[in-house]
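Engineer: Starting off with a structure, shown below.
The values are calculated or read from the model by the stated rules, or taken from the named source; none is laboratory data. These numbers were taken from a predicted model, which means no experiment stands behind them. Cβ placement follows ideal geometry from the backbone for every residue including glycine, while neighbour counts extend to all protein chains displayed.
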Amino acid sequence: MMDLSLVIPLYNEDESLPELTQWIQRVMAAHHYSYEIIFIDDGSTDNSWNIIEELRSKDSNIKGIKFQRNYGKSAALNEGFKAALGEVVITMDADMQDSPDEIPELRNMIINEGYDIVSGWKKKRYDNTFSKNLPSKLFNAAARKSSGIKLHDFNCGLKAYNKKVVKSIEVYGEMHRYIPVLAKWSGFKKIGEKVVEHRPRKYGVTKFGWERFINGFLDLFSIMFVGKFGKRPMHFFGLWGTLFFMFGLVVFIYLTLSKFLFDHTGLTQRPLFFFAILAMIIGSQLFLAGFIGELIARNSPERNMYLIEEKIGL
Ligand code: UDP
Ligand code: MG
């Protein structure tokens, strides 16, 4: 079996590729690993793909996937994960901010210490303090709190995975920031981290701006929500819908009784009347949303996709 798959998403990184490849080849040769480097060219408009072709012509361990346009880092990782053959899968950025020298130790933690995932932790960062380091601290704190996974640096591009993990998860949108969360939902619990060397970007510029933080937080919500209620939407919408509706109904009954028993005139003059109606309308809407969600879930081809860890006698 192949020891290692290196999955490397890239978008306009032509200057780094030759140097990065040489460095990886050096590390692989020193440890006698069997390996593949899968470059996923995420719609680069520079010379990246030509360089990948050229590198491939000299070394058949190098493989490439070229996207028609820029789909984003998550899509690139997802395709790389599908293609990977190695026992351990390592993801890293193409800009040489991650050091290939970390690979042997990361592989070691997966193989010998039994980790499902080992995430790199850029304890000392070489990015701009204000635009990256501070928001990233906040972001990581929120992700830790909501997912219960104790990682300092969710977004680090350098990570190692047991092959089983990458074959069980689907990464899309901007979900590459939450791969450990996706993995945890799929039942992979042994998630560790290792302090890794972070290096200043040598060539090119960063491909992510400030929008990353807004998108990042929205994705955190969807991921927590889908993980919890994706297969049973009625348990969320139905519950809140019923509560709202019952609240409205009780108020409405009280209003009606008080009109007939105590002869309060002008039902529609009372603010409570409008609250009651509003609550009942919101309630039925939520209930309907849950019902429609439930119908969609039933029609989803994934409704009965369960990850089976092992089988015996079959
Ligand atoms: N990247 C990609 N598609 C994109 C944006 C980025 O494949 O749409 C790649 C990029 O080429 C690099 C990695 O993702 O290899 C990390 O990007 P970057 O270095 O710009 O992020 P930063 O280090 O600034 O967080
Ligand atoms: Mg970078």
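Engineer: I'm told residue 187 meets every condition in (1) modelled with pLDDT of 90 or more; (2) out of contact with any strand residue (DSSP E or B) (no Cβ under 8 Å at 6 or more places or on another chain); (3) part of a loop (DSSP other than H, G, I, E, B); (4) surrounded by 14 or more Cβ atoms within 10 Å (Cβ to Cβ) except one. Can you identify the failing condition by its number?
Structural biologist: Here residue 187 meets the rest and fails (4).
Engineer: Regarding region 102-115, can at least one residue be identified that is on the phi > 0 side of the Ramachandran plot, at pLDDT 95 or above, out of contact with any Cys (no Cβ under 6 Å at 6 or more places or on another chain) and more than 16 Å from ligand 2 (Cβ to nearest atom)?
Structural biologist: yes
Engineer: Could you list all residues from region 68-108 that are more than 9 Å from ligand 1 (Cβ to nearest atom) and among the hydroxyl-bearing types (Ser, Thr, Tyr)?
Structural biologist: The answer is 91, 99.
Engineer: Taking region 116-146 as the search range and keeping residues that are within 14 Å of the chain's Cα centre (by Cα) and of a type outside the set (A, V, I, L, M, F, W, C), which one is farthest from ligand 2 (Cβ to nearest atom)?
Structural biologist: Among those that are within 14 Å of the chain's Cα centre (by Cα) and of a type outside the set (A, V, I, L, M, F, W, C), it is 146.
Engineer: Moving to a separate point now. Given region 205-314, what helices (runs of 4 or more DSSP H) lie entirely inside it while holding 3 or more residues that are modelled with pLDDT of 90 or more?
Structural biologist: The helices (runs of 4 or more DSSP H) meeting that bar are 234-262, 271-299.
Engineer: So, residue 193, is that one among the acidic types (Asp, Glu), in contact (Cβ under 8 Å) with a residue 40 or more places away in the chain and touching a helix residue (DSSP H, G or I) at 6+ places or on another chain (Cβ under 8 Å) or not?
Structural biologist: Considered against the rule, which asks whether it is among the acidic types (Asp, Glu), in contact (Cβ under 8 Å) with a residue 40 or more places away in the chain and touching a helix residue (DSSP H, G or I) at 6+ places or on another chain (Cβ under 8 Å), residue 193 comes out as no.
Engineer: Mind checking which residues of region 19-42 are under 18 Å from residue 203 (Cα atoms) and part of a loop (DSSP other than H, G, I, E, B)?
Structural biologist: Listed by number, the list holds a single entry, 42.
Engineer: Please go through (1) more than 16 Å from ligand 2 (Cβ to nearest atom); (2) out of contact with any strand residue (DSSP E or B) (no Cβ under 8 Å at 6 or more places or on another chain); (3) of a type in the set (Ser, Thr, Tyr) for residue 203 and return the number of the only condition it doesn't satisfy.
Structural biologist: In the conditions (1) more than 16 Å from ligand 2 (Cβ to nearest atom); (2) out of contact with any strand residue (DSSP E or B) (no Cβ under 8 Å at 6 or more places or on another chain); (3) of a type in the set (Ser, Thr, Tyr), residue 203 misses (1) alone.
Engineer: Let me ask something else about it. Would you point out the residue of region 116-125, among those that are touching a Cys at 6+ places or on another chain (Cβ under 7 Å) and within 13 Å of ligand 1 (Cβ to nearest atom), that is modelled with the highest pLDDT?
Structural biologist: If we take residues in region 116-125 being touching a Cys at 6+ places or on another chain (Cβ under 7 Å) and within 13 Å of ligand 1 (Cβ to nearest atom), then 120 is modelled with the highest pLDDT.
Engineer: May I ask you to list the residues in region 126-171 that are part of a helix (DSSP H, G or I), in contact with a helix residue (DSSP H, G or I) (Cβ under 9 Å, 6 or more places away or on another chain) and under 14 Å from residue 220 (Cβ atoms)?
Structural biologist: Selection gives 135, 136, 138, 139, 142, 143, 146, 147.
Engineer: Would you pick out the residues in region 255-280 that are of a type in the set (Val, Ile, Thr) and in contact (Cβ under 8 Å) with a residue 12 or more places away in the chain?
Structural biologist: 277
Engineer: Same structure again: Scan region 92-101 for residues that are over 14 Å from residue 122 (Cβ atoms) and more than 12 Å from ligand 2 (Cβ to nearest atom) and report the count.
Structural biologist: 2
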